[in-house]
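Asks: Dropping the structure in here first, questions after.
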Amino acid sequence: MQRTYQLAEIAPTRADGDMAALLIREGRRCHFAAGAIIQHQGDAADGFWLVERGAVSICRFGPDGTVTVYAVVGPGDLFGELAYFTGMPRQVDVLAETDAALIRIDAALIDRLFQQQPDFGRWLLKSLGNQLRIALDRIEGDRSLSAEARVARALAGMVRRSGPELHTTQEALANLVGVSRVTMGQILSRLAQSGAIRLGYRRIVVTDLARLTEQATATRA
């Protein structure tokens, strides 16, 4: 199964300390073996999950058997809360990257926590608001960045999360950054000529992260 990576810059909602303890105490613990499917794209969004132990991939399966991984979340991270509060079906697939213990927070429990635990509501709204702020900052920042700088920034972010060898395709990167596949090919060729990356089949190896990071801060001429 071929994997590509489009790791998001926006961190997941995270529960620490008393909030994590509350959700673990009140929620329902479920165990998943490595490779098990936790949710499918299109499922009803009837609650969300807290990762207690292990790692979970937020991804999307393609019709050709490929899987694009958008994020890997671990202990203390939540997933599924955005779909729940928007009332939309799940937009992604989720699978257990390792053996994992998850805490299920269903709709009835969410309603009860909002009524009985005011700190829960304040914490969750603050976390979701912070994600929105980061997303808006990124959109605003993209206006001042060239396409090449956006590509460099995306690659640098992927390296920090998964190491210098990136298993991805030009098409996946083009979709992530918002440029055409032709433009993506031209940008990657220039980055390779500069010595920042080395191109391979479904693979990009970042050979000079400092150079790539410098390019990621360049604004439009």
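Asks: Residues in the stretch 190-204: is at least one at pLDDT below 85 and among the aliphatic types (A, V, I, L, M)?
Replies: Among the residues of the stretch 190-204, not one is at pLDDT below 85 and among the aliphatic types (A, V, I, L, M), which makes the answer no.
Asks: Please go through (1) of a type in the set (G, A, S); (2) surrounded by fewer than 16 Cβ atoms within 10 Å (Cβ to Cβ); (3) modelled with pLDDT under 90; (4) more than 30 Å from Q215 (Cα to Cα) for S127 and return the number of the only condition it doesn't satisfy.
Replies: Tallying (1) of a type in the set (G, A, S); (2) surrounded by fewer than 16 Cβ atoms within 10 Å (Cβ to Cβ); (3) modelled with pLDDT under 90; (4) more than 30 Å from Q215 (Cα to Cα), S127 fails exactly one: (2).
Asks: Here's something else I'd like to know. Would you check if there is a residue in the stretch 111-122 being over 27 Å from G163 (Cβ atoms), open to solvent by less than 20 Å² (accessible area, probe 1.4 Å) and touching a residue at least 60 places away in the same chain (Cβ under 8 Å)?
Replies: yes
Asks: Of E81, E52, which residue is closer than 30 Å to L155 by Cβ, at pLDDT 90 or above and touching a Leu at 6+ places or on another chain (Cβ under 8 Å)?
Replies: Residue meeting the stated conditions: E81.
Asks: Regarding the stretch 102-117, can at least one residue be identified that is farther than 19 Å from A20 by Cβ and β-branched (V, I, T)?
Replies: No, there is no match, as no residue in the stretch 102-117 is farther than 19 Å from A20 by Cβ and β-branched (V, I, T).
Asks: Moving on to the next point. Can you tell me how many residues in the stretch 177-208 are touching a helix residue (DSSP H, G or I) at 6+ places or on another chain (Cβ under 6 Å), among the aliphatic types (A, V, I, L, M) and either touching a residue at least 12 places away in the same chain (Cβ under 8 Å) or open to solvent by less than 30 Å² (accessible area, probe 1.4 Å) (or both)?
Replies: 7
Asks: Please enumerate the residues belonging to the stretch 130-141 that are within 26 Å of S57 (Cβ to Cβ) and either open to solvent by less than 40 Å² (accessible area, probe 1.4 Å) or modelled with pLDDT of 90 or more (or both).
Replies: Q131, A135
Asks: Which number in (1) touching a Phe, Trp or Tyr at 6+ places or on another chain (Cβ under 7 Å); (2) buried (at least 19 other Cβ atoms within 10 Å of the Cβ); (3) modelled with pLDDT under 95 marks the one condition that S162 misses?
Replies: (2)
The values are calculated or read from the model by the stated rules, or taken from the named source; none is laboratory data. Note that the structure is a prediction, hence the values are computed from the model and not measured. Here Cβ is always computed from backbone atoms with ideal geometry, including for glycine, and neighbour counts include all displayed protein chains. SASA here: full protein model, heavy atoms, side chains in, ligands and nucleic acids out. Shrake-Rupley method; radii C 1.70, N 1.55, O 1.52, S 1.80 Å.
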